[in-house]
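The structure under discussion appears below in the form of structure tokens.
The values are calculated or read from the model by the stated rules, or taken from the named source; none is laboratory data. Model, not experiment: these values are computed from the prediction. Glycine gets a Cβ as well: all are built from the backbone with ideal geometry, and neighbour counts include every protein chain shown. Just so you know, the surface numbers come from the protein's heavy atoms only, side chains and all, with ligands and any DNA or RNA stripped out. Shrake-Rupley method; radii C 1.70, N 1.55, O 1.52, S 1.80 Å.
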Amino acid sequence: MKIDSIHAWEVLDSRGNPTVAVRVDLANGISGQATVPSGASTGTHEAMELRDGDVTRYAGKGVHRAVANVNRVLASELQGWDVSDQTAIDGRMIELDGTLNKSRLGANAILAVSCATARAAANSLALPLFVHLAGIGGKKRVPAMPVPMVNIISGGLHAGHNFEVQDFLVIPKHSASFSDSMEAIVRVHQATRSLLKERGYVMTGVADEGGWGPLLETNETALAILDEAIHRSGAQMNIAIDAAASHFYRDGVYHLTSETRLLSSAEMIELLASWAKRYPVVSIEDGLAEDDWDGWRVLTERLGKHLQLVGDDLFATDLKRLERGVQENAGNAVLVKMNQIGTLSETFAVVDHAKKSGFQAVISARSGETEDDFLADLAVGTGAGQIKVGSITRSERLAKYNRLLEIEDRCLLAISD
Ligand code: PGA
Ligand code: ZN
């Protein structure tokens, strides 16, 4: 299963921004393809997406340099390598890049090759991608369907700064099949739309991740509406929040500009605690900013026994930052975004470490996505337990949900055979 050639080109993501696509062709005629996503609320500690900076194309966001790095550097270096040895291939790319944040070759270039490599290997072995992924690095992970954490109301950078908290999401209360969960979640999404319309809020289509992005009086109004929509729909759902607090934290203060309020770290924790007390909130992501480690320790001490506290910008899918969180009791779950770190092998190291340390792991998409459904197989193959890919509209989101529905259907068929 040797690599014959690797080819990259520029495509567009769900916001119309350029991103990298790669095809890996094997000597046996089989190939694998992947495209990479791109965030908007990106953390400071993420690996670097290489963009051209040429303002005459896509306002500087073109990815010709990243594409050239695949076609001119990685393609010749990796020709002849065994595609099934993901660890070696990822390791070689990290070595060739030689920087701490993959800024030389670009995390977008490296990740596209990493994912296309895994697809080519799975195709060549005639295995479903999630089965191949479960064995990466010589491990024997147990594949499992994830529980969906689904965006219903959007704010912050994904919805024109209507209010500050980025996501109000739902999680099924009880373990149900994936398909039954999706049916109930669609009901909540529709009930939320009806409520927002009845209350006279301006509806201007959907936000970047397919959730409703209304103009509301306060952040809490979104929670109250979601809670009511859950009741009205009859769905058995709890609530999750992604505050994405790094993006309204400046000079040591949390700026709730839409409410003309400034909060200290302690006051922000009190606000989150009061929400968790009055609404069925079970998970809070980035409730505090990415370097507010002191605040995170207090938050975890205060709410960590009863709530999932997920670090997104805090950990940036970086093993070292996750190790620090585990040691310092900052958070109890990690959001996993492949392009925050830039290779599949490093992504697996983070999920494996989380599991070993008693942390939860949530496999996550970015706000800028493509129709690539790789993430669905990643969630099943890692056995991470949870997946967060936005709302239930926009096909770049549905690609992942529909692949999960296919995997569940296939597994049920296999059991009933
Ligand atoms: P991003 O948002 O892709 O814009 O970073 C997703 C998230 O914060 O979870
Ligand atoms: Zn987040």
Any chance you could count how many residues in region 13-41 are hydroxyl-bearing (Ser, Thr, Tyr) and over 22 Å from residue 395 (Cα atoms)? 1
Of the residues that make up region 286-309, is at least one in contact with a strand residue (DSSP E or B) (Cβ under 9 Å, 6 or more places away or on another chain), under 25 Å from residue 158 (Cα atoms), β-branched (Val, Ile, Thr) and assigned by TED's automatic domain parsing to the domain that holds residue 364? no
Across region 100-118, what is the total count of residues that are basic (Lys, Arg) and either surrounded by 24 or more Cβ atoms within 10 Å (Cβ to Cβ) or assigned to a helix (DSSP H, G or I) (or both)? 1
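Residue-by-condition table, conditions (1) modelled with pLDDT of 95 or more; (2) closer than 26 Å to residue 174 by Cα; (3) within 16 Å of ligand 1 (Cβ to nearest atom):
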| position | (1), (2), (3) |
| --- | --- |
| 287 | yes, yes, yes |
| 300 | yes, yes, no |
| 337 | yes, yes, yes |
| 341 | yes, no, yes |
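Listed here are the residues, each with its yes/no results for (1) in contact with a Phe, Trp or Tyr (Cβ under 9 Å, 6 or more places away or on another chain); (2) open to solvent by 20 Å² or more (accessible area, probe 1.4 Å); (3) among the charged types (D, E, K, R).
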| residue | (1), (2), (3) |
| --- | --- |
| 352 | no, yes, yes |
| 364 | no, no, no |
| 382 | yes, no, no |
| 393 | no, yes, no |
| 401 | yes, no, no |
| 407 | yes, no, no |
| 411 | no, yes, no |
| 414 | no, yes, no |
Elements of type strands (runs of 3 or more DSSP E) in region 2-73, at least 1 residues being among the β-branched types (Val, Ile, Thr) and more than 19 Å from the chain's Cα centre (by Cα): 3-12, 18-26
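Among the residues of region 194-212, write down those that are more than 16 Å from ligand 2 (Cβ to nearest atom) and under 13 Å from residue 151 (Cα atoms). It would help to see each step written out before you state the result.
Quick first cut of region 194-212, residues more than 16 Å from ligand 2 (Cβ to nearest atom) only: 194-206, 212.
The answer is 206, 212.
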Given 192, 204, which one is buried (at least 21 other Cβ atoms within 10 Å of the Cβ), farther than 26 Å from residue 351 by Cβ and polar (S, T, N, Q)? 192
Residue satisfying all of: in region 223-247; within 20 Å of residue 364 (Cβ to Cβ) and not aliphatic (A, V, I, L, M); surrounded by the most Cβ atoms within 10 Å (Cβ to Cβ) among these: 242
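Can you find a residue in region 256-268 that is open to solvent by less than 20 Å² (accessible area, probe 1.4 Å), under 28 Å from residue 399 (Cβ atoms) and more than 16 Å from ligand 1 (Cβ to nearest atom)?
No, that holds for no residue.
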If you go through region 213-245 one residue at a time, how many are more than 21 Å from residue 202 (Cα to Cα), more than 16 Å from ligand 2 (Cβ to nearest atom) and in contact (Cβ under 8 Å) with a residue 40 or more places away in the chain? 6
Could you tell me which residue of region 43-88 is nearest to residue 366 (Cα to Cα), considering only residues that are β-branched (Val, Ile, Thr) and touching a residue at least 60 places away in the same chain (Cβ under 8 Å)? 44
Checking 157, 127, 96 in turn, the sole residue that is open to solvent by 10 Å² or more (accessible area, probe 1.4 Å) and touching a Ser or Thr at 6+ places or on another chain (Cβ under 6 Å) turns out to be 157
Considering only region 65-88, state which residues are crowded, with 18+ Cβ neighbours inside 10 Å and closer than 16 Å to residue 17 by Cβ. 66, 67
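Which residue, of 332, 339, is under 14 Å from the mean Cα position of the chain (by Cα), within 16 Å of ligand 2 (Cβ to nearest atom) and open to solvent by 10 Å² or more (accessible area, probe 1.4 Å)? Steps first, please.
Numbers: 332 fails: under 14 Å from the mean Cα position of the chain (by Cα).
Being under 14 Å from the mean Cα position of the chain (by Cα), within 16 Å of ligand 2 (Cβ to nearest atom) and open to solvent by 10 Å² or more (accessible area, probe 1.4 Å) holds for just one of 332, 339, which is 339.
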Pairs returned, first residue in region 182-197 that is without any contact (Cβ under 8 Å) to a residue 40 or more places away in the chain, second residue that is part of a helix (DSSP H, G or I) and surrounded by fewer than 17 Cβ atoms within 10 Å (Cβ to Cβ), beta-carbon separation under 9 angstrom, 6 or more apart or interchain, are 194/232; 195/228; 195/232
Give the residues of region 246-289 that are more than 16 Å from ligand 2 (Cβ to nearest atom), out of contact with any His (no Cβ under 9 Å at 6 or more places or on another chain) and of a type in the set (A, V, I, L, M), sorted by residue number. 253, 256, 266, 269, 271, 273
Taking interchain pairs and intrachain pairs at least six residues apart, which have beta carbon atoms under 8 angstrom, with the first residue in region 309-321 and closer than 15 Å to residue 39 by Cβ and the second in a helix (DSSP H, G or I) and within 11 Å of ligand 2 (Cβ to nearest atom)? 313/246; 316/340; 317/340; 318/340
Looking only at region 343-374, how many residues end up being within 14 Å of ligand 1 (Cβ to nearest atom), closer than 20 Å to residue 283 by Cα and either in contact with a helix residue (DSSP H, G or I) (Cβ under 7 Å, 6 or more places away or on another chain) or not small (Gly, Ala, Ser) (or both)? 6
Could you list, in sequence order, all residues of region 164-186 that are of a type outside the set (A, V, I, L, M) and farther than 27 Å from residue 272 by Cβ? 177, 178, 179, 180, 183
For region 394-402, check the following and say yes or no: at least one residue is touching a helix residue (DSSP H, G or I) at 6+ places or on another chain (Cβ under 8 Å) and at positive phi. no
